[in-house]
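Before any comments, here is the structure.
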Amino acid sequence: MTTSETTPAGADGSQPMVYAHDVHKHFGRHHVLRGVNLTVPKGRVHVIIGPSGSGKSTFLRCLNHLERIQQGEIAIDGERMGYRLVNGRLREDSGRNIARMQSEVGMVFQRFNLFPHMTALGNIIEAPIRVRGMSKSDAMVRANALLQRVGMIDKANQFPSQLSGGQQQRVAIARALAMEPKVMLFDEATSALDPELVGDVLNVMKQLAMDGMTMVVVTHEMGFARDVGDHVVF
Ligand code: ADP
Ligand code: MG
């Protein structure tokens, strides 16, 4: 994957929410990302459309440091992701710093990856309690509001196996939002769904965009890209 777009960080005086510059990623001898650049201002939706195998998932995984990069820079809200400068050289950041920054980047994958042994509500309150130390009652109040927002309040006590793929994806979005992320990454969030379930999930994503969430969306949905994307890259 390559892109030609280059926008210096803060060129217009404001800090981009997502900044990637000259990102290179190799898997062994396979050079998958060859100098990828991306600048997403706060509140914008950046859609990535591209052929299978071109490195879209890998790039999203690099953005929240689920993958190491071999060259380049990634920053979220002005803070370098995954690495820090030590005596003028880049070192991988501490696990603690990486985890803190990762908790500010929400991710929704193609395959619903809810915890199967927890209800919809249980899935949503888990990380705020465990990672953020929120009280259970506060987390429940927030989770109910999020379930309302994604149209799933009546399924709060259902387990993932009792939900359709589209319903599971909407819970997965609510679960990511529960951490109050600065940015949401979507990796083909609707492509494993039966066609009649795609619309509900896209509507939740559109609403999120209208509410001002900064988003990077890998999708095949051209309509969504046209309607919601501020910037579409092929
Ligand atoms: P896309 O999401 O655009 O379909 P991917 O990012 O999944 O593409 O994959 C890009 C390329 O990187 C593919 O050739 C894939 O086989 C390879 N790749 C992805 N993950 C790994 C990995 N963990 N190890 C080795 N190769 C990988
Ligand atoms: Mg992919």
**Meets criteria (touching an Asp or Glu at 6+ places or on another chain (Cβ under 7 Å) and either assigned to a helix (DSSP H, G or I) or free of Cβ contacts under 8 Å to residues at least 60 places away in the same chain (or both)) for residue 166** = yes
**Item:** Considering residues of segment 187-212 that are touching a Leu at 6+ places or on another chain (Cβ under 8 Å) and not in a helix (DSSP H, G or I) only, the residue nearest to residue 56 (Cα to Cα)
**Value:** 187
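Run down 215, 184 and say which single residue is over 19 Å from residue 148 (Cβ atoms) and either within 16 Å of ligand 1 (Cβ to nearest atom) or assigned to a strand (DSSP E or B) (or both). Steps first, please.
On the way: 184 fails: over 19 Å from residue 148 (Cβ atoms).
Answer to the check: 215.
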**Item:** Among (1) farther than 23 Å from residue 45 by Cβ; (2) small (Gly, Ala, Ser); (3) modelled with pLDDT under 95 - the single one residue 192 does not satisfy
**Value:** (1)
**Request:** Would you confirm whether any residue within segment 209-216 is crowded, with 22+ Cβ neighbours inside 10 Å and without any contact (Cβ under 8 Å) to a residue 40 or more places away in the chain?
**Result:** no
**Message:** For segment 28-142, give me every one of the helices (runs of 4 or more DSSP H) that falls completely inside it and has 2 or more residues that are within 16 Å of ligand 2 (Cβ to nearest atom) and modelled with pLDDT of 95 or more.
**Reply:** 56-63
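Given the condition within 14 Å of ligand 1 (Cβ to nearest atom), more than 18 Å from residue 100 (Cα to Cα) and not β-branched (Val, Ile, Thr), answer yes or no: does some residue in segment 70-83 qualify?
We begin by selecting, within segment 70-83, every residue within 14 Å of ligand 1 (Cβ to nearest atom); these are 70.
Subsequent filtering for residues that are more than 18 Å from residue 100 (Cα to Cα) retains 70.
Those left that are additionally not β-branched (Val, Ile, Thr): 70.
Yes, segment 70-83 contains a residue that is within 14 Å of ligand 1 (Cβ to nearest atom), more than 18 Å from residue 100 (Cα to Cα) and not β-branched (Val, Ile, Thr).
The values are calculated or read from the model by the stated rules, or taken from the named source; none is laboratory data. Note that the structure is a prediction, hence the values are computed from the model and not measured. Here the Cβ is made from the backbone with ideal geometry for all residues, glycine too, and neighbour counts use every protein chain on show.
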